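Structure first, then comments.
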Amino acid sequence: MIHANSLTVTHKKNSSHSGHTGYVFKSEKGKFIYGVLDGYGELNVGDVLKHDTGDAWTTPDGSELDFGKELVETTEAEALRRLEKG
């Protein structure tokens with residue numbers, strides 16, 4: 001589980017072979033997180049996701065996202081490596 005109240009999108013990459021979009025986020029605590037979204041429109045670099053309770057994250061447009069266990073707290077270098085790997 002990610003212990004953060006907000007995540008800011010720092011990088012994103014669309015995977016042409018899987019149809020997923022990978023993201024690197026930075027929490028308000030300075031931690032880097034890698035995550036993948038499938039089926040939700042697009043988040044943009046600079047967008048901030050808010051987290052209040054449960055597993056859901058709220059997007060700037062008010063939509064709720066549930067990454068489940070797909071968010072991984074890691075180093076910035078590892079998050080960027082995962083993003084490039086897809």
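In the range 17-39, how many are at pLDDT below 90 and under 11 Å from Glu73 (Cβ atoms)?
Residues that pass the stated criteria total 1.
Among the residues of the range 69-79, which ones are at pLDDT 90 or above and over 12 Å from Phe25 (Cβ atoms)?
Thr75, Ala77, Glu78
Does at least one position in the range 44-58 carry a residue that is among the aliphatic types (A, V, I, L, M), modelled with pLDDT under 90 and open to solvent by less than 30 Å² (accessible area, probe 1.4 Å)?
Yes, because at least one residue in the range 44-58 is among the aliphatic types (A, V, I, L, M), modelled with pLDDT under 90 and open to solvent by less than 30 Å² (accessible area, probe 1.4 Å).
The values are calculated or read from the model by the stated rules, or taken from the named source; none is laboratory data. Quantities reported herein were computed from a predicted structural model and do not represent experimental measurements. Heads up, the Cβs are rebuilt from the backbone with ideal geometry, glycines too, and the neighbour counts pull from every protein chain shown. Accessible surface areas use protein heavy atoms only, side chains included; no ligands, DNA or RNA. Shrake-Rupley method; radii C 1.70, N 1.55, O 1.52, S 1.80 Å.
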